[in-house]
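Student: Quick one: structure below, then a few questions.
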Amino acid sequence: MKKFLYLAIMALTVGFFASCSAGGNSSDYYKNGKKPQIDVKKATVNGKKYDNKTEKCWYWTKEGTAWEITSSSKTYVYLTEFDLVVGCEEALYLVANRGGKASYSYFEVKGYEKDPGGCLENNDKN
């Protein structure tokens, strides 16, 4: 049973979390049912605008605790900043409203502007 819970937590954290968060990069922002405000047309999350045009290489870290199990991961992803933040903020909302805690951060990795494969290959090096 513990293995199942651990895998569920890992799936939650790996599948979602990133910095510069519109909500404050912590699930605490979404306690009490507050939902992320996402405007796809304006490319804003909670009122803050993000780039939704240019895909870039991002180094993304996430941490989460639920059912007394803590997990963290570091991943390279290649997508727009808006897409990254939307996924992270939605995940923070889900975690917060299920009694867990989570956070994320991210930064751009230069040198992979036209090389998504090269960016993602960094995951194999970790």
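Student: Taking 7 Å along the Cα-to-C-beta vector as the label spot, tell me the Thr54-Thr70 distance in nanometres, rounded to one decimal.
Tutor: 3.6 nm
Student: A follow-up question, please. Step through the table entries Lys56/Lys101; Lys35/Lys114; Lys41/Lys62; Lys31/Lys125; Lys35/Lys110, compare each Cα-Cα distance with 30 Å, and write down the pairs that go over it.
Tutor: Lys35/Lys114; Lys31/Lys125; Lys35/Lys110
Student: Computed FRET efficiency, Cβ-Cβ of Gln37 and Glu113, R0 30 Å: what is it to the nearest 0.05?
Tutor: Taking R0 as 30 Å, the efficiency between Gln37 and Glu113 is 0.50.
Student: Okay, next question. Counting Lys +1, Arg +1, Asp -1, Glu -1, what net charge surrounds Lys42 among other residues with beta carbon under 11 Å of its beta carbon?
Tutor: Neighbour charge sum, excluding Lys42 itself: +2.
Student: Which order, highest average first, do 112-124, 61-73 follow once you tally other Cβ atoms within 10 Å for each residue and take the mean per peptide?
Tutor: Per-residue Cβ counts within 10 Å, averaged per peptide and sorted highest first, yield 61-73, 112-124.
Student: Ok, one more. Report, to the nearest whole %, how much of the accessible area of region 32-126 belongs to carbon and sulfur atoms, 1.4 Å probe, protein only.
Tutor: For region 32-126, the apolar C and S fraction of the accessible surface comes to 49 percent.
Student: Need the C-alpha centroid separation for region 105-126 versus region 25-65, integer Å.
Tutor: What the calculation gives is 20 Å, centre to centre.
Student: With every protein chain present, what is the per residue accessible area of region 86-126 (1.4 Å probe, Å²)?
Tutor: 58 Å²
Student: Please sort 48-59, 84-95 by packing, taking for each peptide the average over its residues of neighbouring beta carbons within 10 angstrom, highest first.
Tutor: Ranking, from highest mean packing down: 84-95, 48-59.
The values are calculated or read from the model by the stated rules, or taken from the named source; none is laboratory data. Keep in mind that this is a model prediction, so the values were computed, not measured. Methodologically, a virtual Cβ is constructed for each residue, glycine included, from the backbone with ideal geometry; neighbour enumeration extends over all protein chains shown. These area figures cover heavy atoms from the full protein model, side chains too; ligands, DNA and RNA do not enter into them. Shrake-Rupley method; radii C 1.70, N 1.55, O 1.52, S 1.80 Å.
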